[in-house]
Amino acid sequence: PQSGTYVAKINMQKVDAARFVRKSIEPIVMADACKIITPIQLVDLERNVKIQRIYIESGDQKEFFKLDDEFHAAIYSIADKPDVWAWIQQIGINLNRFRMLSMQGREYNWPAVLGHHEQMLKLLEAHDSKGLKAVVNEHLNHINDFSDGVRDSYPEYVE
């Protein structure tokens, strides 16, 4: 018998389900964080976003991806929901794999993602939960902008 490594294809139904969960939960978490965020927490998020820009400019996809997740995880922690973020990460494995794959091609719009994070930061600072909800929805819908391109570019990785 032969042994080897088999990489499962990215299941798009699971990608959509994870995105649905985030779209359902994240605006509420953001609104909660918006009410209680402290100046120190804002500075930490601002630092994260500034470093994201450095990684975008240098083309370091892996580190940008890591900081993107850390940005959202920090907001869940501010809202006292770190366990919800951990759960989302468990059910979102296919979504994260799809996001990482999308970063390999031209489909991924890094500046748009960074722009959303910058807008979220400003809205958190202004305690504008209504505006924040709109930006979060746009941010989580962003995957629709490039999903067809990723499927076309990498059909061997997506089912």
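The values are calculated or read from the model by the stated rules, or taken from the named source; none is laboratory data. Keep in mind it's a predicted model, so treat the numbers as computed, not measured. Neighbour counts are summed over all protein chains in view; Cβ atoms, including those assigned to glycine, are modelled from backbone coordinates with ideal geometry. For the accessible areas, the whole protein counts, side chains as well, though only heavy atoms, and no ligand, DNA or RNA atoms are used. Shrake-Rupley method; radii C 1.70, N 1.55, O 1.52, S 1.80 Å.
Taking region 64-122 as the range and being of a type in the set (Phe, Trp, Tyr), touching a residue at least 12 places away in the same chain (Cβ under 8 Å), open to solvent by 10 Å² or more (accessible area, probe 1.4 Å) and assigned to a helix (DSSP H, G or I) as the test, the residues that pass are PHE65, TRP85, TRP110.
Please specify each residue of region 114-146 satisfying the condition of being of a type outside the set (A, V, I, L, M, F, W, C) and within 23 Å of ALA17 (Cβ to Cβ). Steps first, please.
Just the residues of region 114-146 that are of a type outside the set (A, V, I, L, M, F, W, C), to begin with: 115-119, 122, 125, 127-131, 133, 137-139, 141-142, 144-145.
Hits for region 114-146 are HIS116, LYS133, ASN137, GLU138, HIS139, ASN141, HIS142, ASN144, ASP145.
Residues are listed down the side, and each one gets a yes or a no for (1) at pLDDT 95 or above; (2) in contact with a helix residue (DSSP H, G or I) (Cβ under 6 Å, 6 or more places away or on another chain):
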{"site": "TYR6", "(1), (2)": "no, no"}
{"site": "ILE28", "(1), (2)": "yes, no"}
{"site": "ILE37", "(1), (2)": "yes, yes"}
{"site": "ASN48", "(1), (2)": "yes, yes"}
{"site": "GLN52", "(1), (2)": "yes, yes"}
{"site": "ALA73", "(1), (2)": "yes, yes"}
{"site": "ILE78", "(1), (2)": "yes, yes"}
{"site": "ARG106", "(1), (2)": "no, no"}
{"site": "PRO111", "(1), (2)": "no, no"}
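Screening THR5 against (1) β-branched (Val, Ile, Thr); (2) open to solvent by 50 Å² or more (accessible area, probe 1.4 Å); (3) in a helix (DSSP H, G or I) leaves a single unmet condition, (3).
May I ask you to list pairs of residues, at least six apart or on different chains, whose Cβ atoms are under 8 Å apart, with the first in region 19-42 being under 26 Å from PHE146 (Cβ atoms) and the second being among the basic types (Lys, Arg) and in a helix (DSSP H, G or I)? Every condition considered, the pairs that remain are PRO27/LYS133; MET30/LYS133. Across region 142-159, the qualifying residues are those that are open to solvent by less than 50 Å² (accessible area, probe 1.4 Å), within 17 Å of ASN96 (Cβ to Cβ) and not in a strand (DSSP E or B), and the one among them that is modelled with the lowest pLDDT is PHE146.
For region 44-56, the condition holds for no residue, the condition being that it is aliphatic (A, V, I, L, M), more than 20 Å from LEU114 (Cβ to Cβ) and more than 14 Å from the chain's Cα centre (by Cα).
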